[in-house]
Amino acid sequence: MKRFYEKVDITQSEERYQITLDNSPLKTPLKSTLQLPTRKLAEKLAKEWSDVETDIIPNQMPLFSLAVTAIDRVATQKTELSEEMQHYIMNDLLCYRESEDPKLQEHQNKSWDPWLSWANTEFEFDLKLAKGVMPIDQDERNATLLKQVISQMNIWTFMCFVRATTLTGSAILALAFIRKQVMPDTLFSVAYLDELYQNSRWGEDDESKARHVAVKNELHDLSDFFRLAEL
C-alpha cells in the first residue's frame, strides 16, 4: 500500500492515546481504533508512520504490528491464549534435558536451573525434569498458578508474554522477561542454548543464522514495546 496521508498526529482521549492520519483515527486491520496506554508508545508509533516515504510495509513497523496483535488478537482471545500458555508451562523447554551428551547436560543445568529456582520462589511453580523428549506428567497446579498470574496482566503485558513464550518455548523465561529479570540477548542465549551448542560443534548454516537474527530482533522489539507501554 502506498502512503496516502500527509500528517501524523497524536490525540488523547481520557487515559488513552490515538494516532491520527490527516485527522482520521488510525485503525487496526479488524477496524478497531488504535488506542494506546502511554504517550511515549504513541510517539514511537507515530514516528513509524511519519517515517514512511512511499510504501507502507508493516514488517518495517514493529511497534505498530505488536500493538495490532495486542488489540486484534490478544484482547479478543485471552481465554484461548491463556489455555495455550498453560500448555506451554506444562511442557516447558527448561524441563527437557539432554539424555546423552554430558557437556550439553552441564550447559543446560548451569543455564536453566537458576530460572526454575527463580520461578519456584517467585510463583511457586514446581516443575519436574526429564531427560529426552518424552512428555512429562506435570502437576496441574502449575497450570492453575500460571492462569492466576495471567489474569493479572493487561493486554499489553499479556501480548508480550505470549510472544516471548512462543519465541522461546518457555513460559518461565517469558515470565522472567516481563518481570525484567532477563534482557533480550540473554533470553535468546538461554532459550536457544541447544541450537547454539550444536552450531558451535558443527557450524551454522545461512537459514539458521537468518532465523536467529529474526528472533533476536523480535525479542528486542518486544522489550522496547513493553518498556514503552508501561504505565
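Just so you know, all these numbers are worked out from the coordinates, no wet-lab data involved. Computed from a predicted model, the values in this text were never measured in an experiment. Ideal geometry is used to build each Cβ from the backbone, glycine not excepted, and the neighbour counts take in all protein chains shown.
A few points about this structure:
- Gain upon complete extension [D72, R3; 0.36 nm per residue less C-alpha separation]: 22.6 nm
- Gain on full extension, evaluated as 0.36 nm per residue between R39 and E106 minus their Cα-Cα distance, stands at 19.6 nm.
- Rounded to the nearest 20 debye, the dipole size of the stretch 8-72 about its Cα centre is 220 debye, using +1 on the Cβ of Lys and Arg and -1 on the Cβ of Asp and Glu.
- Largest first and in whole Å, the equivalent-ellipsoid semi-axes of the stretch 1-100 read 34, 17, 12, each the square root of five times a Cα gyration tensor eigenvalue.
- Whole-number D in µm²/s for the stretch 78-229 (Stokes-Einstein; Kirkwood sum over Cα pairs; 37 °C, 0.692 mPa s): 205 µm²/s
- For K27, the aspartates and glutamates whose Cα falls under 19 Å of its own Cα, not counting residues fewer than eight places away in the same chain, are E6, D9, E14, E15, E43, E48, D51, D55, D72.
- Too-long pairs where the Cα-Cα distance tops 29 Å, listed order kept, from K47/K180; K2/K78; K31/K78: K2/K78
- E122-T79 FRET efficiency (beta carbon distance; Förster radius 25 Å; 0.05 resolution): 0.55
- By average C-beta atoms within 10 angstrom, highest first, the peptides 194-207, 40-53: 40-53, 194-207
- Reachable aspartates and glutamates, given that their alpha-carbon falls under 18 Å from the alpha-carbon of K128 and they are not under 8 places away in the same chain: D92, E98, E106, D113, D137, D139, E140
- 14 Å beta-carbon shell around Q86, net charge (K/R +1, D/E -1): -3
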